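Trainee: Just dropping this structure here.
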Ligand SMILES: Cc1cc2nc3c(=O)[nH]c(=O)nc-3n(C[C@H](O)[C@H](O)[C@H](O)COP(=O)(O)OP(=O)(O)OC[C@H]3O[C@@H](n4cnc5c(N)ncnc54)[C@H](O)[C@@H]3O)c2cc1C
């Protein structure tokens, strides 16, 4: 009994020390990364360079594009944040990373009238990752492809059959290194180690997990693979982790693929502020701020804006692409 008490108190002290010192370590590592990059930037002569492609934002989308395009092209990635911090790799700490300027854009919603009463000014925080790998460093890591019917509906409503689920399925498989519990379904998951994004069964499941699955069965639903050919049902989730560690797009598509890739330049702490358009309205260059210095780079092929649901439209609007009246009213 005494031993159990000692172990309990010791664990408690370790936990308190871990969480108590976390903000300090985040600040220290964030500052170290920033100033390391600041010094490196002094030695680089990146401004005015011409690349084949420029990718703005290296989040879930941008990291994949940077990886694929740099196979045969010279690619510049402009990312407003730095590399993920130690704590970003710990799956359970997603929420603890929200609201930290080293990794989050600190967006807030408009003040709400009827909700958000526990927040200052009734404004909800709206976490978005500001680092290489973007929001995949803060998210809950659930690997969820979505319902095939949604893709088929997009194909119907856009008139573009490439959106059909059967047409996007090969790309899901191509991106995946699947180690989950439905591995025998090769048609749906491909071979393991086929792609880079490691997906696995959760290493730790909450005690109520099985109770929820049993409850579903009791109601007459089957236990299903939520990413498989879908039926209505209940099923276990799988996660973008490797051996229990967060495996976001930084780990999957950038960190483990940089060796020997001299044609992929990742410019960290580089905030794109405006696109340069030629006379025909085609984007040919990007102005960006890095450590307080205004820089410019141009692309001979394409500029891809993958700054996320907030960053992309913002950059387009700053470049004069968007609702005319609104842009005029703020002097763009
Ligand atoms: C709390 C939370 C939990 C989530 N949980 C899940 C989940 O469990 N499963 C799931 O599938 N999805 C989840 N999501 C959603 C998922 O993470 C996002 O949909 C996805 O990461 C978006 O990818 P993105 O590339 O569009 O944008 P992001 O990943 O946000 O990347 C945008 C990148 O662009 C950079 N950027 C923006 N503007 C500029 C600029 N002007 N110049 C330079 N760089 C710029 C940003 O710093 C960022 O790195 C979650 C999201 C959040 C916030």
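Trainee: Mind telling me which of 263, 167, 73 comes out most flexible in a GNM of the chain, alpha-carbon contacts under 10 Å?
Mentor: 167
Trainee: Compute the FRET efficiency between residue 28 and residue 49 as 1/(1 + (r/R0)^6), taking r as their Cβ-Cβ distance and R0 = 25 Å, and round to the nearest 0.05.
Mentor: E(calc), rounded to 0.05, equals 0.15.
Trainee: Between residue 203 and residue 14, what's the calculated FRET efficiency when r is the beta-carbon distance and R0 is 22 Å? Round to 0.05.
Mentor: Efficiency at R0 = 22 Å is approximately 0.65.
Trainee: Expressed as a whole number of Å, what is the distance separating the alpha-carbon centroids of the stretch 153-188 and the stretch 243-272?
Mentor: The stretch 243-272 and the stretch 153-188 have Cα centres separated by 24 Å.
Trainee: With a Förster radius of 30 Å, plug the Cβ-Cβ distance of residue 98 and residue 280 into 1/(1 + (r/R0)^6) and report the FRET value to the nearest 0.05.
Mentor: Calculated value: 0.10.
Trainee: Shifting gears a bit: Using 0.36 nm per residue of separation minus the Cα-Cα distance, give me the extension gain between residue 147 and residue 71 in nm, one decimal.
Mentor: Extending this stretch completely gives an extra 24.3 nm.
Trainee: If you don't mind, there's one more thing I want to ask. Evaluate the distance, in nm, between pseudo-label points positioned 7 Å from the Cα of residue 4 and of residue 329 along their respective Cα→Cβ axes.
Mentor: Distance between the two pseudo-spin positions: 6.5 nm.
Trainee: How much mean residue ellipticity at 222 nm does the chain get from its helices, if each DSSP H run of length 4 or more adds -39500 (n - 2.57) and you divide by all residues, to the nearest 500 deg cm²/dmol?
Mentor: Result for the chain: -10000 deg cm²/dmol, rounded to the nearest 500.
Trainee: What number do you get for the chain when its Cα radius of gyration is normalised by 2.2 N^0.38 Å, N = residues?
Mentor: 1.13
A short reminder: the numbers here are calculations on the coordinates, not readings from a lab. Not measured: the values here are computed from a predicted model. Heads up, the Cβs are rebuilt from the backbone with ideal geometry, glycines too, and the neighbour counts pull from every protein chain shown.
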